[in-house]
Amino acid sequence: MRTTKFIAGEYYHIYNRGTDKRDIFLDCSDYRRFLISLSELNQKGEVLNLCRRSLMEARLQSRQLQSGETGLSQLVDVTCFCLMPNHFHLILQQLAEGGVPVFMHKLGTSYTKYFNKKHDRSGVLFQGAYKAKHIENETYLLHLSRYIHLNPEALIKSSKDSFVDWYALKNYPWSSLQTYLSGRKRSIISDQFQTVTEYEDFVKASADSFILRDLQFD
């Protein structure tokens, strides 16, 4: 039974992985579909068939999602996100009453149906119910955003050494980092910095050890 209480205006770290740690994104179209879902399912009422969305519409919705300019009556604000081959991280601010549970139910159901049909499989896709943690203060929120935006390090890091290609990391296409660094995303996170360069330097810096210990997720 879920113990987290979802309160309007509060922020939550939402994350989940594939069942048996399997990949939940097998190609670029899977990532794009999830991004479209983050935008299109983030509204009250019924949603048109997402399969009918054109690539141009998908790109527009992705830009609107990352800039926060969807023009919809939203359930949540997608403050930060990162999609990885076998898991995802989201920072959501609840806007409407019950917004997070309704949004995540829509997202999980829609994407599982899409994935199973496309890849000719059946059954559950995610490892149980999504995990949710209330973000209680801005300090934790800032460090969590850095943790999430640094998630692709493991994919980009050279196998020969510990060097990380920062250019590749900040242009990772399935993360909100590039929109933060372009100045297109305004949020409680970006508002803590006078320039995007300041946030870029913050993400590059190593987190304090006590923060890192708190941010180890199963």
(message) Can you list residue pairs whose Cβ atoms sit under 7 Å apart, with the first residue in the stretch 191-215 being on the phi > 0 side of the Ramachandran plot and exposed (fewer than 12 other Cβ atoms within 10 Å of the Cβ) and the second being at pLDDT 65 or above and not small (Gly, Ala, Ser)? Count only pairs 6 or more apart in sequence or on different chains.
(response) none
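When the stretch 1-30 is examined, which residues are found to be more than 13 Å from residue 104 (Cβ to Cβ) and either crowded, with 18+ Cβ neighbours inside 10 Å or of a type in the set (A, V, I, L, M, F, W, C) (or both)?
Correct list: 1, 7, 8, 11, 17, 18, 24, 25, 26, 28, 30.
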(request) Give the number of residues within the stretch 1-35 that are within 19 Å of residue 102 (Cα to Cα) and either aliphatic (A, V, I, L, M) or at pLDDT below 95 (or both). (result) 9
(request) Give the stretch 189-218 a look and list any residue that's modelled with pLDDT of 90 or more and closer than 30 Å to residue 128 by Cα, or say none. (result) 189
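This table checks each residue for (1) outside the structural domain of residue 36 (by TED's automatic domain parsing); (2) under 24 Å from residue 10 (Cβ atoms).
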| residue | (1), (2) |
| --- | --- |
| 98 | no, yes |
| 105 | no, yes |
| 118 | no, no |
| 126 | no, yes |
| 147 | yes, yes |
| 153 | yes, no |
| 167 | yes, no |
(message) Being surrounded by fewer than 18 Cβ atoms within 10 Å (Cβ to Cβ) and part of a helix (DSSP H, G or I) is the filter here; which residues of the stretch 78-107 pass it?
(response) 101, 105, 106
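The values are calculated or read from the model by the stated rules, or taken from the named source; none is laboratory data. Given the structure is predicted, the values throughout are model-derived calculations rather than measurements. Cβ atoms come from the backbone with ideal geometry, glycine included; neighbour counts cover every protein chain shown.
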